[in-house]
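J.: Take this structure, written in structure tokens, and hold onto it; I'll ask about it next.
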Amino acid sequence: MRILVVGGGGREHALCWAISASPLCTKLYCAPGNAGIAQVAECMDVGTEDIAGQVALAQRLKIDFVVIGPDAPLVAGMADGFAAAGLKVFGPSKAAAQLEGSKSFTKELCQRHNIPTAAYERFTDLDKAIAYINAQGAPIVVKADGLAAGKGVIVAETVDQAIEAVRDMLAGNRFGAAGASVVIEEFMEGEEASLFALCDGEHVLPLVAAQDHKRAFDGDKGPNTGGMGAYSPVPILDQAMFDRAMREIILPTVRGMKAEGVPFKGVLYAGLMIDGNGPRLVEYNCRFGDPECQVLMMRLKSDIVPALIACADGGLNHLDLRWSDQAALTVILATKGYPDAYKNGSEIRGLAEAGKVEGVEIFHAGTKADGPRILANGGRVLNVTAMAPTVEEARARAYRAVDLIDWPEGFCRRDIAWRAVGRKP
Ligand code: AMP
Ligand code: GLY
């Protein structure tokens, strides 16, 4: 099969790495890709969000199967664009991608199907939103209804912060149309985890879970980011908790979407909050997590291609995936300044040496080749990923590789997997 992966981050590098190992794949393309992806796929210069351009590219390259990595094109309807052109595609339709693209769509679905999540109200009127915040008190969570590049969630510790957030969104046009409607919800306490399941619209094939680190600095301090590291397995999602999350959250969602005429086909990523009462849904995403995908691909022993195809064709119930019982962990190297302003173009050295550390794979998230030189080209730049029999050893291997990378303009967290290291299983 000739396969095209849409995207150009660390998630897409990990997907390309896994797909390129499949005997089913005869030729792999990635658009736009990056300098690391170019080692396993032929990169094509078409933007991630250019639906017409990606469809034309796939037709020109005679692609048999397309895998869409990021959320923005899915929410904008890229899967529908490929389907309309008669191409087989991994990724949900625009209608099903509302699970990520509209917070109120998901909250209403949860309500109709009794899926445990935070209590909430949706507002478009500023005065009513402020009255609700005053009545509820803090802490409280304010969310732009639409996609806001991961920045639309404000966990407010005080009533004033919450009011400022709704003012920014409803009166100040902070997130444009995405913030013209807001969801205000109960603050949930607990430990977060990411659960992934492949779906073919009807059947579900659970993958393994991972845990992300959203804050920029050690000790979960600093601003929110796209994710500064991840690891798998996750102690808090033991088999019993995992089964409960499948039964109480994922299965009713997939059944509900089918019953309501918007079957979900692709990977469903549930952000969970877990406390003594069990798992609750924080949010859904309609694609693999980045950087969670990197640790999932490291642990996956089976060929991923048949599983991705089954999401499009149906028949996931006849498939089984095998996973390594080792731990995988990834450390993000980001450009200093990220998630705020930063400069592209600094040179990264030592990648070849770092890649030789036992059990290590280095996925590129934002790089560009300049002849033989590798330059930083993004906020999140590298995902130094390691596997080992224990999370402690995986962490030691990953940081050994990190320390061999010579890139003064970059930074990373030094405490990835702190919740799991030293914890009894
Ligand atoms: P999201 O963009 O929905 O993933 O939200 C970003 C982060 O905000 C989540 O990973 C949580 O840490 C936090 N968050 C979102 N909703 C809630 C909530 N209801 N209670 C507590 N924390 C939340
Ligand atoms: N790692 C968080 C995300 O992919 O949304």
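J.: Might you report the magnitude of the Cβ-based charge dipole of the chain about its Cα centre, with Lys and Arg at +1 and Asp and Glu at -1, to the nearest 20 debye?
T.: 600
J.: Have a look at the DSSP beta bridges in the chain and tell me what percent are antiparallel, nearest 5.
T.: Counting DSSP beta bridges with both partners in the chain, the antiparallel share is about 80 percent.
J.: If a/c stays under 1.5 just call it rounded; otherwise compare a/b with b/c (prolate if a/b is bigger, oblate if not). Do that for the chain, with a ≥ b ≥ c from the square roots of the Cα gyration tensor eigenvalues.
T.: rounded
J.: In whole angstrom, how far apart do the alpha carbon centroids of segment 41-86 and segment 8-24 sit?
T.: Taking the Cα centre of each part, segment 41-86 and segment 8-24 sit 16 Å apart.
J.: Same structure again: With contacts defined as alpha carbon pairs under 8 Å and 6 or more residues apart, what's the relative contact order of segment 267-410 in percent?
T.: Rounded, it is 24 percent for segment 267-410.
J.: Could you work out the helix-only [θ] at 222 nm for the chain, with each DSSP H run of four or more residues adding -39,500 (n - 2.57) and the total divided by the number of residues, to the nearest 500 deg cm²/dmol?
T.: Value at 222 nm, helices only, nearest 500: -7500 deg cm²/dmol.
J.: For segment 236-394, build the charge dipole from Cβ charges (+1 Lys, Arg; -1 Asp, Glu) around the Cα centre, then report which of G256, V360, L300 sits farthest towards its positive end.
T.: G256
J.: Now for a separate question. Suppose all protein chains stay in the model; what accessible area per residue would a 1.4 Å probe give for the chain, in Å²?
T.: I get 41 Å² per residue for this part.
J.: While we're looking at this one, here's another question. Past 20 Å, Cα to Cα, is the threshold; run K27/K62; K88/K301; K151/K265; K103/K221; K336/K356 against it and keep the listed order.
T.: Violating the 20 Å limit, Cα to Cα: K88/K301; K151/K265; K103/K221; K336/K356.
J.: Same structure again: Once the Cβ-Cβ distance between K343 and D218 is put in as r, and R0 is 30 Å, what FRET efficiency do you end up with, to the nearest 0.05?
T.: Step by step, r from the Cβ atoms, then E = 0.85.
J.: Between T330, T390, T26, where does the largest GNM mean-square fluctuation fall for the chain, given springs only between Cα atoms within less than 10 Å?
T.: Residue with maximal mean-square fluctuation among T330, T390, T26: T26.
J.: Need the C-alpha centroid separation for segment 207-283 versus segment 376-418, integer Å.
T.: Computed from Cα coordinates, the inter-centre distance equals 23 Å.
J.: In nm, to one decimal, how far is the modelled label at E186 from the one at D243, with both set 7 Å along Cα→Cβ?
T.: Here the answer is 2.6 nm between the modelled labels.
J.: Rounded, prolate or oblate: which fits segment 335-425, taking a ≥ b ≥ c as square roots of the Cα gyration tensor eigenvalues, rounded meaning a/c under 1.5, else prolate when a/b beats b/c?
T.: Judged from the Cα gyration tensor, segment 335-425 comes out oblate (a/c at least 1.5, b/c at or above a/b).
J.: Further question on the same structure: Which one of A149, A31, A327 has the biggest mean-square fluctuation once the chain is modelled by GNM with Cα springs under 10 Å?
T.: Comparing A149, A31, A327 in the GNM, the peak value goes to A149.
J.: Please find, in a Gaussian network model of the chain (springs between Cα atoms separated by less than 10 Å), the residue of A177, A365, A210 whose mean-square fluctuation is greatest.
T.: Comparing A177, A365, A210 in the GNM, the peak value goes to A177.
The values are calculated or read from the model by the stated rules, or taken from the named source; none is laboratory data. Since we're looking at a predicted model, the values are computed, not measured. Cβ atoms come from the backbone with ideal geometry, glycine included; neighbour counts cover every protein chain shown. These accessible areas exclude ligands, DNA and RNA; they are computed on the full protein's heavy atoms, side chains included. Shrake-Rupley method; radii C 1.70, N 1.55, O 1.52, S 1.80 Å.
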